[in-house]
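The values are calculated or read from the model by the stated rules, or taken from the named source; none is laboratory data. Given the structure is predicted, the values throughout are model-derived calculations rather than measurements. Cβ placement follows ideal geometry from the backbone for every residue including glycine, while neighbour counts extend to all protein chains displayed.
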Amino acid sequence: MEDSIYIRLLLVRRILGQITPEEQAELDAILDSDPEARALRDELLQIPKEDLQQAFSSFDVNTGLLDVYDRQHEMQRRRRRAIVRSIAGAAVAAMLAGAIWLVATKPATKAPATFAAVTEGGSASLVLEDGTTIPLADTGVQTHHSNAANFTNNNRVLAIDGENAPAEGWSTLVVPARLDYQVNLEDGSTVWLNSRSRLRFRFDNGSQREVFLEAGEAYFKVKASAKNPFTVHTPQGDVQVLGTEFNVNAYIQHKMVASLVNGKVAVRSGVDRIELNPGSEALVNAGESIKVAAFDANRTLSWRQGIHYFENATVTEIAVMLDRWFNTPLVIDNPNVGRERLWGRLDRNKPIQEFIDVINLTGDVTFYWKGGELHVK
C-alpha cells in the first residue's frame, strides 16, 4: 500500500464527510486497485464516527490520527487478542500502538557517523556553592541537612527548605538522561525539569526570586507575588513573571522558546521585550528579533507525561531524543538517512525496542543493534 499515511488521511476525511470531490475520485481509484487499502477502510469503518470526530476536534490532523489509531488498536485487542498476521496488519497494529509514521527514501551507502549528545548520565545530582556534589536518589525518601542546604528528595521531587541557608549561595540541580525532576522552591514556586537539564537556584529565594535555566527544558508554576517578580534567566534571554504557568525550552544552543499556559510573562532578549498572552510563545534566536506564535499545549507540554511528538522531524532530530530520554546514542550509517523525515510520538515509559520495532515495520529506514550500539540505515 503506497503512501499509506495519505491513504489513511483520505479514508478518515471520507468517513467524516470532509473529503473533496477530487480526493474522493482519487480514493475510489486506490480502493479499486489496492486490497490493503480496502482492508484498512473496513477497519476504520468499525470506529464510531463520533469518536473520529472527537479525535479530530481535540487534536491537529497528525495527532488526531494517532489518537484514532490508539482507539482502533484497543478495540482490536479486546475483540481478537490475536497477533495480526499479514504484513499490512502488523504495520497497522504497530502504528495503532502509537509511535511513528515514516516518510523515507532509500539512502546511498557511505561511512557511518555517530550522533550523540555529550552530557551527564546516571543519577541526578545537586552541586552546592562550594562545589560539594550530592547524589540524588531516583526513588524513595532522601533527606539532607547542613549549613549550606536543607532538602527532602521524595521520588524525584526535591522540596527545598531555605532556613539557615546562605541567601547568596547558588546551587545547581543536574538532571541526566532518562529522568525528570521536580523542585519545590522555598517561595512556593515549582519547577519541573526535563531530561538533560540544569537549573541554578538559591535555597533562600524569598527575597530575590530568580533562577537560571542553564540548559534543557523546564515547566514553571510560579507563586504569585505582585511586589516580588520571578525571573527565569536563560543563555538567550529572560522571562519575568508575577504568578503564572509557563514552559521554557533552552535545549538548542543560541535558541530559547518560552510558552505561556496562563497568566502573563515578559520575555527579554537584548533590547527586545515582549509580553505574552496565554496560548502564545516567544521564540528567541541569537541575533534576531523575538518572534511570537501560537503553540499546541498538547505537544509542547506532553514531555511531563513522558511523551514527545515528532512533526516532520529528521532522523537526526530523533537521535537527539533517543539519547536524551534513553541515554542511547544513535549511529547514523549514512548522512542521507539523518535527513529523512518522520512524524509520530515517542513514549519514554515504554522500552526503546518497542519504538525500534515500529520504525522497522513502517518504512525503508531500519534501526538495528550492532555490538551493543544502536544503528540506523
Taking region 104-143 and keeping only residues that are modelled with pLDDT of 50 or more and β-branched (V, I, T), one is left with V127, T132, T133, I134, T139, V141, T143
Any residue in region 134-150 that is within 12 Å of I160 (Cα to Cα) sitting within a Cβ distance under 6 Å of a residue that is surrounded by 11 or more Cβ atoms within 10 Å (Cβ to Cβ) and among the hydroxyl-bearing types (S, T, Y)? List the pairs, counting only those 6 or more apart or interchain.
T143/T152
Test each condition in (1) on the phi > 0 side of the Ramachandran plot; (2) not assigned by TED's automatic domain parsing to the domain that holds D180 for T314 and report the one that comes out false.
(1)
Return the residues of region 126-148 that are assigned to a loop (DSSP other than H, G, I, E, B), crowded, with 16+ Cβ neighbours inside 10 Å, among the aliphatic types (A, V, I, L, M) and within 32 Å of the chain's Cα centre (by Cα); say none if nothing qualifies.
L128, L136
Which one is surrounded by the most Cβ atoms within 10 Å (Cβ to Cβ), of the residues in region 154-203 that are aromatic (F, W, Y) and within 24 Å of the chain's Cα centre (by Cα)?
Y181
Total residues in region 237-296, condition over 17 Å from F212 (Cα atoms), of a type in the set (G, A, S) and part of a loop (DSSP other than H, G, I, E, B)
6
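Residues checked against (1) touching a residue at least 40 places away in the same chain (Cβ under 8 Å); (2) closer than 30 Å to D347 by Cβ:
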| residue | (1), (2) |
| --- | --- |
| E217 | yes, yes |
| V241 | no, no |
| V257 | no, yes |
| V261 | yes, yes |
| A266 | no, no |
| K291 | no, no |
| Y309 | yes, yes |
| D323 | yes, yes |
